[in-house]
Protein chains: 2
Amino acid sequence: MVVAVRAPHVRQTNLTIVLDHLRRHGPSSRSQLVSATGLTRSAIAGLVGELESLRLVIEAAPESDGSPGRPSPIVRVDDRHVGALAIEIFVDEIGVAIVALDGSIVSSMRLARPRERVALAATVSDVAGLVRRLERQRRVHRGGGLERRILGVGVSVPGLIRESDNVVVAAPNLGWTNTPIAAVLDEALALGIPSIVGNDADLGALAESRFGAGVGSDHMLFVTGEVGVGGGFVVAGRPVTGHSGYAGEVGHFPVNPAGQRCTCGAVGCWETEVGERALLRRAGLDEHGGGRAVEELLARAESSDEVTLAAIAEEAKWLATGITGLINVFDPDTVVLGGLFSRILPIMRDRLDAELAPLQYMGVPRDVLVVGASLGPQAVTVGAAELAFGPLLADPARVMNAGA
Amino acid sequence: MVVAVRAPHVRQTNLTIVLDHLRRHGPSSRSQLVSATGLTRSAIAGLVGELESLRLVIEAAPESDGSPGRPSPIVRVDDRHVGALAIEIFVDEIGVAIVALDGSIVSSMRLARPRERVALAATVSDVAGLVRRLERQRRVHRGGGLERRILGVGVSVPGLIRESDNVVVAAPNLGWTNTPIAAVLDEALALGIPSIVGNDADLGALAESRFGAGVGSDHMLFVTGEVGVGGGFVVAGRPVTGHSGYAGEVGHFPVNPAGQRCTCGAVGCWETEVGERALLRRAGLDEHGGGRAVEELLARAESSDEVTLAAIAEEAKWLATGITGLINVFDPDTVVLGGLFSRILPIMRDRLDAELAPLQYMGVPRDVLVVGASLGPQAVTVGAAELAFGPLLADPARVMNAGA
DNA sequence: GCGGATTTGTTGACAACTATGACAAACTGC
DNA sequence: GCAGTTTGTCATAGTTGTCAACAAATCCGC
């Protein structure tokens, strides 16, 4: 059912647009907001005033910029009063963080863990413990200072997430199947705020598009090399999630029918040719060697080891193959490479460009920017927080008035 | 610049929602509109009244359905007063048609043409001639009857279209490059209505999603087998066009690096393995034999010719490979197969299902419906008209009041 | 056939929001 | 200090959907 628009929706939408503009473009004067939104001065005054009373933005004294006329007050996002709890679940570690509305990480904690503790119960217990420690730390640091309202909980999981009920349908590396992580976590944390769960690559894509290398892009494709390969497509700041939220599983995109069998059962998936395992294998290292093996590989590349450089060149070739397919299907203006891919990008840049050039469709120049991610490992943290901030951004007044 | 929402936008949006609902779900009573949109009875009364005075809908007498209460008048799309001109440019023929607001084809004409006339000038001159003949026929048939206002011109071209200025960037089968078809056509037709150009596969996707096999689907993927392979993805009734309008070129999606060289220059594109040329080649027929060769192939399949059936089975295998990749990337709820694929679907159904089953991601059931297209060759006609109706659907009052 | 229950259309008062225009405030440049 | 320019503020007006009350049209049971 398509819900129609009602009169108050106008206000809600315009509040969102102003807040969003400030988050994306940084501090702006009121008059800049007027020209950016097309609204009148009075409308902007009302909207900024309401956001200010919701403590979501602050107005600073006008600064004269040398041009004639009365100077306009500067409005910026107020990063002091609200926050999101970002929870990251990886195979080898878990992390929790408090993220402010401007995307900055206020405080965070990480915990390495042995493979025996990846099961649901152990994971949730470890996360709850970490959250309690973070809370204690916050209380000490605050020292009578600011109370930051936590508005949402965003959870990153390396697996397939069903959007409708936040269930982890499959997370092969964790051994989870149909795991109701959100429900279990909500009970353990008892914060009274429902968690929202997302796929790690999708969250990375979201963060890069809003605060990282994808800022300014309309149609961004994010491809990240972790143990496997993940991806996400973001149109106009919104992730394309697909019917159930499973979109972006580019790792299992068939590129080589003569290739290797994938963990998913099919043959020749993209992630059998690119990503950590494929690269380590080609470089003659243990493909299950994890982070330590990757560091070894990068060191060897640094010292121009031939086998290693050849492996990276091969990686570039297959990366280009898949990216070409995705460009033909999605037509992005920017492709952001994350994770392992962004680390080896400087080394494989030339080869990658050379492989991409002739593969363009019909000789038509596609004008696609291929760049490395700029947020690094923090992308997932920020992305999880963005997920948690979703309701606030969609309807600022409702969310802020709810718990006040 | 994101334009903010203003008060009149509410009405515009609600008019669109009501009109759209009637087009998609067929005639509805006012009370059905109330529950579908969430608006009040008074609001619906106002909206329906305005659409009626714009001559876009008609209200029929209430029909009692046996339930208690006052019966509600039936509202349906008025298909008599407005229309779109759909122009289809193929390699071997061109077609023009008048399509009503409800998606029905009012009148149409086709013209087969020799390969010598595919150049821009000859094409436009042939199209203009055909449009004039259609106009004459309309005038005769009308016989003092209804005047149908033509609100837009939609043009289908088998090539890459730049959305921003309706230029055909590349149409290999026509030999066109950077061809400003819309501008030239506007001058030749002199209708005073700007043409909007779309890719044939994208238009087929749009039509199937609104009036064909994709009705009711939220996330539809359309894959059509013509000489090459085209595709389109439609989310919530809107085509995903990409940054420049090039999205959906699934034919040049790399599936077999050990395969054949494609006309685009790359190796192993999907359309080297599936589509008319690939199928004819495998069946031992002339791959450039066109429609006649396809009919021969279908006849042989009918009489259970072994080579032909093996070729179709191979087609099913490669079709499944590509579809799997697209499902993993897009997560559609429905995949609609068009063109050649829908014709051979009954023959390859079992093989296709068998190939698709094990290729699902991580053993998670994906619950994707794979169906044949239901509009046949009319899909492109209807899709071109939908493109032309775009402005009307986006703002009914403005468009109808403009030329009145 | 008749009255009650139910559903729906209509009408007018109301609320929410933005637009408009007049005026005041704050700055630059001369 | 004054003219010119830009911006904030305020009151008023216009548009649109909501709400509540009432009228209309149907079904059902008697």
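Scalar couplings 3J(HN,Hα) for region B:240-247, obtained by applying the Karplus form with A = 6.51, B = -1.76, C = 1.60 to θ = phi - 60°, are 8, 9, x, 5, 10, x, 9, 4 Hz; x denotes Gly and Pro.
Close amide H partners of A:Gln260, meaning residues 5 or more places away or on another chain with modelled amide H under 5 Å apart, are A:Gly268.
Close amide-amide hydrogen proximity is noted between A:Val155 and A:Ile87, A:Ile196, A:Val197, A:Gly198, each under 5 Å apart and 5 or more residues distant or on a separate chain (H modeled in the peptide plane; Pro and chain starts excluded).
Is any residue of region B:165-189 close enough, with backbone N under 15 Å, to a label point placed 7 angstrom from the Cα of B:Arg132 along the Cα-Cβ axis, and if so, which? It comes to B:187-189, nothing else. Other protein chain C-beta atoms within 10 Å of residue C-beta, averaged over A:265-272: 4. Note on B:Arg76 and B:Ala236: the model spin-label points, each 7 Å out from Cα along the C-beta direction, lie 2.9 nm apart. Along the axis of the charge dipole computed for chain A (Cβ charges of +1 for Lys and Arg, -1 for Asp and Glu, origin at the Cα centre), the listed residues A:Gly69, A:Val153, A:Val169 are led at the positive end by A:Gly69.
Label-to-label distances for B:Gly66 across copies, nearest first, come out at 8.0 nm, using points 7 Å from Cα in the beta-carbon direction.
Normalised by the number of residues in chain A, the mean separation of alpha-carbon contacts (under 8 Å, six or more apart) gives a relative contact order of 16 percent. In a Gaussian network model over chain A where Cα atoms closer than 10 Å are linked, find which of A:Gly38, A:Gly204, A:Gly259 has the largest mean-square fluctuation. With Cα springs under 10 Å in chain A, the top fluctuation among A:Gly38, A:Gly204, A:Gly259 is at A:Gly38. Counting only Cβ charges, +1 for Lys and Arg and -1 for Asp and Glu, the dipole size of chain A around its Cα centre is about 1280 debye.
In the protein assembly as shown, a dipole from Cβ-located charges (positive for Lys and Arg, negative for Asp and Glu) runs towards its positive end, and of A:Val215, B:Ala385, B:His25 it is B:His25 whose Cα lies farthest in that direction. Shown for B:Arg24: label points 7 Å from Cα along the beta-carbon vector, and their distances to the equivalent points in the other copies, 2.5 nm in ascending order.
With a 10 Å cut-off around each Cβ of B:316-329, the average count of Cβ atoms from other chains is 5. Think of it as helices only: each DSSP H run of n ≥ 4 in chain A is worth -39500 (n - 2.57), and spread over all residues that comes to -13500 deg cm²/dmol at 222 nm. Peptide A:238-250 has a mean shielding of 6, counted as Cβ atoms of other protein chains within 10 Å of each residue's Cβ. For chain B, set up a Gaussian network in which alpha carbons nearer than 10 Å are linked by springs, and say which option among B:Asp350, B:Asp78, B:Asp186 fluctuates the most. Largest GNM mean-square fluctuation: B:Asp350.
Over region A:297-383, the ratio between the Cα radius of gyration and 2.2 N^0.38 Å evaluates to 1.16. Starting from the Cα gyration tensor of region B:1-110, take the square roots of the eigenvalues, sort them a ≥ b ≥ c, and report rounded, prolate or oblate (rounded when a/c is under 1.5, otherwise prolate if a/b is larger than b/c, else oblate). Judged from the Cα gyration tensor, region B:1-110 comes out oblate (a/c at least 1.5, b/c at or above a/b).
Counting only Cβ charges, +1 for Lys and Arg and -1 for Asp and Glu, the dipole size of region A:54-109 around its Cα centre is about 340 debye. In nanometres and ascending order, the distances from the A:Leu120 label point to those of the other copies are 6.3 (point 7 Å from Cα along Cα→Cβ). Summing charges over all other residues whose Cβ lies under 11 Å from the Cβ of A:Gly83, with Lys and Arg as +1 and Asp and Glu as -1, gives +1. Classify the protein assembly as shown as rounded, prolate or oblate from the Cα gyration tensor: take a ≥ b ≥ c as the square roots of its eigenvalues, call it rounded if a/c is under 1.5, otherwise prolate when a/b beats b/c and oblate if not. Judged from the Cα gyration tensor, the protein assembly as shown comes out oblate (a/c at least 1.5, b/c at or above a/b). Please name which of A:Val99, B:Thr40, A:Gly83 has its Cα lying farthest along the dipole of the protein assembly as shown towards the positive end, using unit charges on Cβ (Lys, Arg +1; Asp, Glu -1) and the Cα centre as origin. Comparing the listed Cα positions along the dipole, B:Thr40 ranks first.
For region A:72-86, the residues whose amide N sits under 18 Å from a probe point set 7 Å from the Cα of A:Leu393 along the beta carbon direction are A:76-86. Taking Cα centre as origin and charging only the Cβ of basic (Lys, Arg, +1) and acidic (Asp, Glu, -1) residues, the dipole magnitude of region B:323-404 rounds to 200 debye. If a paramagnetic tag sat 7 Å from the Cα of A:Ser164 along the Cα-Cβ line, which residues of region A:226-263 would have the backbone N under 12 Å from that point? Answer for region A:226-263: A:243-245. Helices that extend 30 Å or more along their long axis by alpha-carbon positions and average at least 0.5 on the Kyte-Doolittle scale are, among the DSSP H runs of chain B, B:306-330. Per-residue extension of 0.36 nm, minus the Cα-Cα distance of A:Thr177 and A:Asp92, leaves a gain of 28.8 nm for this segment. The overall shape of region B:120-234, judged from the alpha-carbon gyration tensor, is oblate: a/c is not under 1.5, and a/b is no greater than b/c.
Every number here is computed from the coordinates shown, using simple stated rules; none is lab data. Owing to the predicted nature of the structure, the values given are computational and were not obtained by experimental measurement. Cβ atoms come from the backbone with ideal geometry, glycine included; neighbour counts cover every protein chain shown.
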